[in-house]
Structures are given as C-alpha cells and as structure tokens.
Amino acid sequence: MDFNLSEEHLAVRAAARDFAQTELLPGVIDRDNAQHFDPVLLRKMAEMGFLGMMVAPEYGGGGMDTLAYVLAMEEISKVDASAGVIMSVNNSLVCWGLEKYGTEAQKHQYLTPLASGEIIGAFCLSEPEAGSDATSQHTTARLTGDHYLLNGTKNWITNGNTSSVCVVMAQTDVELKHKGINAFIVEKGWEGFLVGKKEDKMGIRASDTHTLMFSDVKVPAENRIGEDGFGFKFAMSVLNGGRIGIAAQALGIAAGAFELSLKYSKERKTFGKPIADHQAIQFKLSEMAMKIEAARLLVYKAARLKDEGKDYIQAAAMAKLYASEVAMWVTTEAVQVHGGYGYVKEYHVERFMRDAKITQIYEGTSEIQKLVIARELLK
C-alpha cells in the first residue's frame, strides 16, 4: 500500500487547510452560538469546489477521487465541523448517489447545480420511528398517473432548511417491506412540502437540522431514482460511502483538538515550566497522536479501496467506528489538557467535544457499525 500522497492530493489538502484557517476560523464560535452558517461562507466553499469534489467535470464537479475528498474534509473539520457536515451531505449522500444511480436527465437537472454549489442538497432517510432501523419507513409514496403522492415526516435532516433539493426515501409497497422502498428527488417549494422545527443541538450547531414534512406532495414519476423498489439498496449504498466522509470529519475534529492541545501545552506554565514538560501531559499527547494516526490510516484505506473499485463496506464501517470513538476520546482529553480554560468557548476544545459526539450517531451509530463489520466478517 502506497502511503505517499500525490502532488494533487497535497495541493488539495493545503488549499482546504488555508481556507479553513483564513475563512472558517474567524467567527466559528459566533456561528456556533448563533446556530447559523453564513451563506457567504457557503458560496466561498462552492467557489473553492468543496461541494462537488468527486463529481465528474461534465456535471460541474471537480472530478477528484475519494482520498482528495477526505483530505479536504479533515482540514475543514479541524476548524469547523458544521462546515464539514454540510460538505459531507452534499458530496457523499446527495451528489455521489445521483451521479452513480441517476438518469442523465436527473444529472443535468439536479446534479450539475448541486455539484457547483449553486444549490444545496439534503438526504432524507431518518424518521421518528426509523433511525437505526431504516427499513421502518412510514413515509409513503403512492403512484397516481404520472406522479407519486408523497406523505410523511423526516427527522434530523442536515441542510433541512438551506437545501433546495432533497433525496427522500419512501415506502411505495408496504407488503414488500424494504423491497418496496423507493428514493425520490423532491424540490423545496413544491406544494405540500413544509420545513418543520429547527433542532437545538449539542454540537455542529451552525449546520441547520430540521424536521421535514410532506403532505400530498406531487413528485413526477421521472424523479424516482433507479428501478421500482431500489430505494433501500440506494440508501445503503450511499451510506456506505458517506461513512468515509463522516470518518474524515471525526478525524478532523480529533486532529483539530490535538493541534490546539499541543500548542497550549507549550504555552501554559505550571510549577515554573510548560505543562508539556510534565510526564502526565506527555502521556496524554502521545496517546492522542497515536490514536489519531491509527484513525487516519483506516480512513485513508477506506478511501483508497473505494477509489480502486474494491469492496470497501467493512473498511468504511471500521473507519467510521474507530475515528468517531477517537474523536470523542481525544476531545475529552483535550479539555482536560486545557484545564479550566478547556471548559470555556474561547479555547475551542469544548466545542470540539460537543461536535465529536454526533459522529458516533449519525450515518450509522457505533453499534450499527459493529453489526456491519461482523456481517462482513461472517460472510
């Protein structure tokens, strides 16, 4: 396995790091407090090509590989995990799925503006009674002539209010259970499409998370993705790839907290010397660095396998599971290294700790990742 990054990969990483430090860092605490992501920053992310990195240039994307994407995700998330999740959903869950499984008409109408960042997308799978059990879809879509009537509620939708296009999973044949689920492209603004309450979250507070409601929304039949009954397979395929993006986000959160801790340990003095000279702190820093590097290798491996067209389901689950666990542990230790200062917003690490928790939950909880890994091992 080649551990060296290409010149292109190094350039992508450098560009993402520069953008994060110069554009995202100023105001990141204010955005977290206000629970609002600046649309000007979103436009700048689009101009940098961060919203459609893996999409082919013919559809307005950057034509980059998965490794380039995770390198950018890591650097963005080192500073602002809310920006990271906006980027992840648009790239992994919406653009990638449309490019891989959509029709040419769907790609030209929806993928092109999504990849360029002209509009933002959302992925709608979770429901009040369908979280880890994604087969329990209560949202329905009934075929009537040349369109479907969509009814139901979706919960915890990232980009729920800022998105213009949503990919919605719905049950079209209850008797077929998960084989009767379909995926639909639904536009914001269609009659009967309502944006519900905004969630007041622990972390990633600058990204908007909403409940979306559908009441007899007319969805053209041509907006169904894939063959009839393909929706569940579509969702699982998209989530397998999306886990690599969330693993990269978790990696970035951990690495960002570590970098701040390393810097602080050299500046903060106790008993007449920097705390970095104390063995207790050295042990914390060394273990943080080791766990982060192990997580990074798992994330890069999953990305490489995907880029090589190999089976990456197990690798993605391992990367997501381990990186999210590391993010939670490292950020907690980062607060400890900072002491009392770590408990206040000014030093950022308390925000990293709050942001880290969701990486153990969304796009498949840690428990679900263990089931996926076990299933792959026992094949």
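Summary table below
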{"quantity": "Net charge dipole size for region 1-156 [Lys, Arg +1 and Asp, Glu -1 on Cβ; Debye, nearest 20]", "calculated": "300"}
{"quantity": "Using alpha-carbon coordinates, inclination of helix 231-267 to the longest axis of the chain, degrees", "calculated": "20"}
{"quantity": "Per-pair calculated FRET efficiency, R0 = 51 Å: Leu25 and Ser237 via Cβ, rounded to 0.05", "calculated": "0.90"}
{"quantity": "Within a Gaussian network of the chain (alpha carbon springs, distance under 10 Å), most fluctuating of Leu149, Leu239, Leu176", "calculated": "Leu176"}
{"quantity": "Ile292 - accessible surface, heavy atoms, 1.4 Å probe, Å² rounded to 10", "calculated": "10"}
{"quantity": "Long-range amide H partners of Thr162 with built H, under 5 Å", "calculated": "none"}
{"quantity": "Angle in degrees between helix 7-19 and the longest Cα principal axis of the chain, rounded to the nearest 10", "calculated": "80"}
{"quantity": "The chain - mean residue ellipticity at 222 nm from DSSP helices (-39,500 (n - 2.57) per run, n ≥ 4, rounded to 500)", "calculated": "-15000 deg cm²/dmol"}
{"quantity": "Probe 1.4 Å - accessible area at Asp133, Å² to nearest ten", "calculated": "80"}
{"quantity": "Between 0 and 90°, nearest 10: helix 66-77 axis offset from the chain longest Cα axis", "calculated": "60"}
{"quantity": "Packing-based order for 161-173, 87-99, using average beta carbon neighbours within 10 Å, highest first", "calculated": "87-99, 161-173"}
{"quantity": "Value of relative contact order over the chain, rounded to a whole percent, pairs C-alpha under 8 Å and six or more apart", "calculated": "16"}
{"quantity": "Using θ = phi - 60° and Karplus 6.51 cos²θ - 1.76 cosθ + 1.60, couplings along region 117-128 (whole Hz; Gly, Pro as x)", "calculated": "x, 4, 10, 10, x, 9, 10, 10, 10, 5, 9, x"}
{"quantity": "Mean accessible surface per residue for the chain, computed with a 1.4 Å probe while every protein chain stays in place, in Å²", "calculated": "43"}
{"quantity": "Carbon + sulfur, % of accessible area of the chain - ligands and nucleic acids excluded, 1.4 Å", "calculated": "55"}
{"quantity": "Area of Asp38 that stays accessible when all protein chains are in place (1.4 Å probe, Å², to 10)", "calculated": "60"}
{"quantity": "Electrostatic dipole magnitude of the chain [Cβ: Lys, Arg +1; Asp, Glu -1; Cα centre; debye, to 20]", "calculated": "940"}
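The values are calculated or read from the model by the stated rules, or taken from the named source; none is laboratory data. Worth saying up front: this structure is predicted, and the values here are computed from it rather than measured. As a convention, Cβ positions derive from the backbone with ideal geometry for all residues, glycine included, and neighbour counts pool all protein chains shown. Protein only, heavy atoms only, side chains kept; ligands, DNA and RNA dropped before computing areas. Shrake-Rupley method; radii C 1.70, N 1.55, O 1.52, S 1.80 Å.
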